[in-house]
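The values are calculated or read from the model by the stated rules, or taken from the named source; none is laboratory data. Owing to the predicted nature of the structure, the values given are computational and were not obtained by experimental measurement. Cβ coordinates were reconstructed from backbone atoms using ideal geometry, including for glycine residues, and neighbour counts include every protein chain displayed.
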Amino acid sequence: MRRGVLMVLAAVAAIGVFAGGLGWLLTDARPPAGAPRAQRLYYAYCAECHGADGRGSWRASLFLLRPRDLTDPRVAAQSDRYLFDILKHGGATIGRPGMPAFGAQLSDEDIQLLVGYVRTLASGRSAAQRQAQRSADLRGRTGSARHRGRRRRVAS
Ligand code: HEC
């Protein structure tokens, strides 16, 4: 009898932990204050799977989804039409079933804004890569006297 009660309590506690954990997992990241509409839309509808930076969220992988890395230059190389269609109609019709359709929730104008935002994610990465390359170059340069001389000339 007592054991039965304990088991029920344990089950209730386990469900609570599971539900709480799920709620925590699904809580959306918040956009920065004063973010433009495109960014707010992205955080509200996309970040959950694609991650705030577009590289995919670990939460999505937890649910065995493999969202594309939206910062991949191949995504930015896609036409507006392609990006618009995959957002509006989802990926299923073109053999990408993981990507849901947003045509029912978002207006065409909002989808257009998101297409623009997706492009900025890719350029954000190349900007970051350029920056990384630049600081790597700088580190390389400061090692050599010749380049140190050149840096001084540039500075004066
Ligand atoms: C439920 C999770 C989920 C949500 C929410 C989601 N996506 Fe996706 N998305 C995916 C998955 C998974 C794929 C990859 C589909 C495949 O390749 O089968 C994908 C693919 C894409 C692609 C295509 C990339 C390519 O290489 O062709 C774009 C663009 C995209 N998503 C943008 C968005 C945007 C913008 C939003 C918000 C409006 C969004 N996604 C919301 C899961 C999601």
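Some values worked out for this structure:
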| read-out | value |
| --- | --- |
| Criterion: modelled with pLDDT of 90 or more, surrounded by 15 or more Cβ atoms within 10 Å (Cβ to Cβ) and not in a helix (DSSP H, G or I) - qualifying residue of LEU87, LEU70 | LEU70 |
| Residue match in the stretch 34-49 (condition: modelled with pLDDT under 75 and part of a loop (DSSP other than H, G, I, E, B)) | no |
| Contacts under 7 angstrom Cβ, first residue in the stretch 96-124 being among the hydroxyl-bearing types (Ser, Thr, Tyr), partner within 10 Å of the ligand (Cβ to nearest atom), 6 or more apart | TYR117/ALA38; TYR117/TYR42; SER123/ALA76 |
| For PRO31: the one exception among (1) within 9 Å of the ligand (Cβ to nearest atom); (2) at pLDDT 85 or above | (1) |
